[in-house]
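The values are calculated or read from the model by the stated rules, or taken from the named source; none is laboratory data. Here the structure is a predicted model, which is why all the values come from computation and not from measurement. Backbone-built Cβ (ideal geometry, glycine too); neighbour counts: all protein chains shown.
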Amino acid sequence: MQTAPEQKNILGLQLPTDPRWVDLASISLEAILTDHAWCEQKAATSCISLITRYSEKAQLVAELSPIVTEEWGHFRLVLAELQKRNLKLGRQRRDLYVNKLIEFQQKGGNEDDRFLDKLLIFALIEARSCERFKRLSEGLEDPYLKQFYRRFMESEAGHYHLFIELAETYMDKETVRRRWKEWLDFESSLMASSEVRGDRIH
């Protein structure tokens, strides 16, 4: 169980990663790199799905098209890191964190509300990934991996901002802020009740 922080975390996240997570990740390097690789793969395919679903939204298509290439490039970078260390890419596993976020998405009702939730869940995943990569860049002992994850941290921060900006492009800003607060509250409760595991990015 994680305890509430004294201060807000980066990117608006209300609960920081438990410090034990980095220690566990450092002794589960093959597992964490494998999970990271699949996270990048899913990010690329998810952006493709958004483009396909909302192809009439020209700015979304224009902004997300290069992100697809970037995320796939990240997958290749993590795969290369596994190979360099003579580690194997394991099988993709269920992402319980993301599945719980999906359960919180609005399923019926207004199409605009569902669209907003799709953008905000992407923003939240990128924000939490950024926070986790920051922890790795500061907490791992391997100097190369510290820099490796520093670069990923900076990239995820940019993606988080992009999804928020897209939401505010297509929706009223006050509506976006109100729903984003609800997402942050839900994610905080999810993190507080989640097991600390070092073999997952989320």
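A few points about this structure:
- Selection within region 121-139: residues that are of a type in the set (D, E, K, R) and buried (at least 20 other Cβ atoms within 10 Å of the Cβ). The member of this set that is nearest to Asp35 (Cα to Cα) is Arg132.
- Near pairs, Cβ below 7 angstrom, 6+ apart or cross-chain, from region 82-99 (surrounded by fewer than 15 Cβ atoms within 10 Å (Cβ to Cβ)) to any residue that is part of a loop (DSSP other than H, G, I, E, B): none
- Here Asp142 meets the list (1) of a type in the set (Asp, Glu); (2) over 14 Å from the mean Cα position of the chain (by Cα); (3) closer than 23 Å to Cys47 by Cβ; (4) modelled with pLDDT under 95 almost entirely, failing just condition (3).
- Picking from residues in region 54-68 that are free of Cβ contacts under 8 Å to residues at least 24 places away in the same chain and of a type outside the set (A, V, I, L, M, F, W, C), the one that is farthest from Met171 (Cα to Cα) is Pro66.
- Look at (1) free of Cβ contacts under 8 Å to residues at least 24 places away in the same chain; (2) surrounded by 18 or more Cβ atoms within 10 Å (Cβ to Cβ); (3) of a type in the set (Gly, Ala, Ser) and you find that Ala157 fails only one, number (1).
- Just one of the listed residues (Asp23, Asp117) is farther than 18 Å from Ala157 by Cβ, buried (at least 18 other Cβ atoms within 10 Å of the Cβ) and touching a residue at least 12 places away in the same chain (Cβ under 8 Å), and it is Asp117.
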